[in-house]
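Data block below; observations after.
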Ligand code: NAD
């Protein structure tokens, strides 16, 4: 298979973790006879320094022309004083919009070897935590009208939340398709007891479920979902929800797994091209010190192979190699317990390549 991958190394630890992830892809290419061509696409603070903008048009074009995109992370204190329309994170929003990425997928899985890092009670973690949050990414209140104005002698602020049936249907379809490949259970999260958008959400998801008789559909209010996630996360397989609820629940889910450096994510639109990235940021506090955990980025590459290129065996291979290295006791600083030996970003990458 021949694929072109746009590579956004980004800022902070971005170049370090992306370097290790690409080295893993090189091993996969050699082992399975594939050809991956990497095209650099500058974005973030480094792009502001070089081109004056966080996402140069040429970078967006490179991403649009590629079969998929791998991103490290962008941002850092150096660019915090930029006007809001020119901050590094703006590049990310422009990229998501430009690639029309309406679905964000975040798996939350507790690795058995890292069960001690899970902040939940051991008997809860022992039941197994392995679910995916499917979040709508370009609709809802984040993309509605925002305004602040004077009324009756005080300030009033309004943010508009809206959803259309097709916006709901397309993200729900992703959730049902994903559940088919997993444990066949979708939990749709809303606030249908209060919000009209949620009532439309529930009705639309319920109608779509008729096309997926093999998948069980449950509805849950978002406040209950937040509680259930810490009370018994083993009940979840695929969670699908709107943008604001998904933002909050996916962060809660990532905390349950115990380490920010372990969690991959992907954002998808129509078609197979996706944007794959670790859930964490650019970690400026450890940048350039060979301390970053590259596993989240390496697992993002595994997601890319499986979800965008249909290379499941190769993806399994990477995930098994990560499992093997963790089983052998190797830990980066973020996942090491007190007294455990710590290895750096480069050595973690090398160990995973060896396991492959
Ligand atoms: P962060 O995720 O960068 O870091 C939070 C903490 O987790 C830090 O202590 C960091 O050292 C640690 N950490 C993160 N990733 C790690 C890894 N792979 N290995 C080991 N430790 C790791 O969040 P932050 O400090 O709030 O943000 C830093 C910058 O990143 C900000 O400029 C922010 O805007 C940006 N950011 C970018 C993205 C993105 O590019 N998608 C996402 C979140 C934050």
(message) So the check is Cβ under 8 Å with 6+ separation or different chains; which pairs have a first residue in the stretch 273-286 that's over 12 Å from residue 17 (Cα atoms) and without any contact (Cβ under 8 Å) to a residue 60 or more places away in the chain and a second one that's near the ligand (Cβ under 6 Å from one of its atoms) and in a loop (DSSP other than H, G, I, E, B)?
(response) none
(message) From the list 30, 85, 58, exactly one residue is more than 10 Å from the ligand (Cβ to nearest atom), in the same structural domain as residue 344 (by TED's automatic domain parsing), closer than 27 Å to residue 140 by Cβ and not in a loop (DSSP other than H, G, I, E, B). Which is it?
(response) 85
(message) Out of 258, 271, 333, 329, I need the residue that is in a loop (DSSP other than H, G, I, E, B), more than 29 Å from residue 37 (Cα to Cα) and more than 16 Å from the ligand (Cβ to nearest atom). Which one?
(response) 329
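What do you reckon, is residue 103 touching a strand residue (DSSP E or B) at 6+ places or on another chain (Cβ under 8 Å), surrounded by fewer than 22 Cβ atoms within 10 Å (Cβ to Cβ) and touching a residue at least 24 places away in the same chain (Cβ under 8 Å)? Break it down into steps so the answer makes sense when it comes.
Details: touching a strand residue (DSSP E or B) at 6+ places or on another chain (Cβ under 8 Å): yes; surrounded by fewer than 22 Cβ atoms within 10 Å (Cβ to Cβ): no; touching a residue at least 24 places away in the same chain (Cβ under 8 Å): yes.
When the stated conditions are applied, residue 103 does not pass them.
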(request) Among the residues of the stretch 1-22, write down those that are away from the ligand (no atom under 16 Å from the Cβ) and either part of a helix (DSSP H, G or I) or surrounded by fewer than 17 Cβ atoms within 10 Å (Cβ to Cβ) (or both). (result) 1, 2, 4
(request) Hey, could you check the stretch 219-236 for residues that are touching a strand residue (DSSP E or B) at 6+ places or on another chain (Cβ under 9 Å) and not in a helix (DSSP H, G or I) and say which is surrounded by the most Cβ atoms within 10 Å (Cβ to Cβ)? (result) 236
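Looking at 216, 252, can you tell me which residue is farther than 16 Å from residue 168 by Cα, assigned by TED's automatic domain parsing to the domain that holds residue 136 and in contact with a strand residue (DSSP E or B) (Cβ under 8 Å, 6 or more places away or on another chain)? Give the derivation first.
Details: 252 fails: in contact with a strand residue (DSSP E or B) (Cβ under 8 Å, 6 or more places away or on another chain).
Residue meeting the stated conditions: 216.
The values are calculated or read from the model by the stated rules, or taken from the named source; none is laboratory data. Source: prediction; values computed, not measured. Note: ideal-geometry Cβ built from the backbone for every residue, glycine included; neighbour counts use all protein chains shown.
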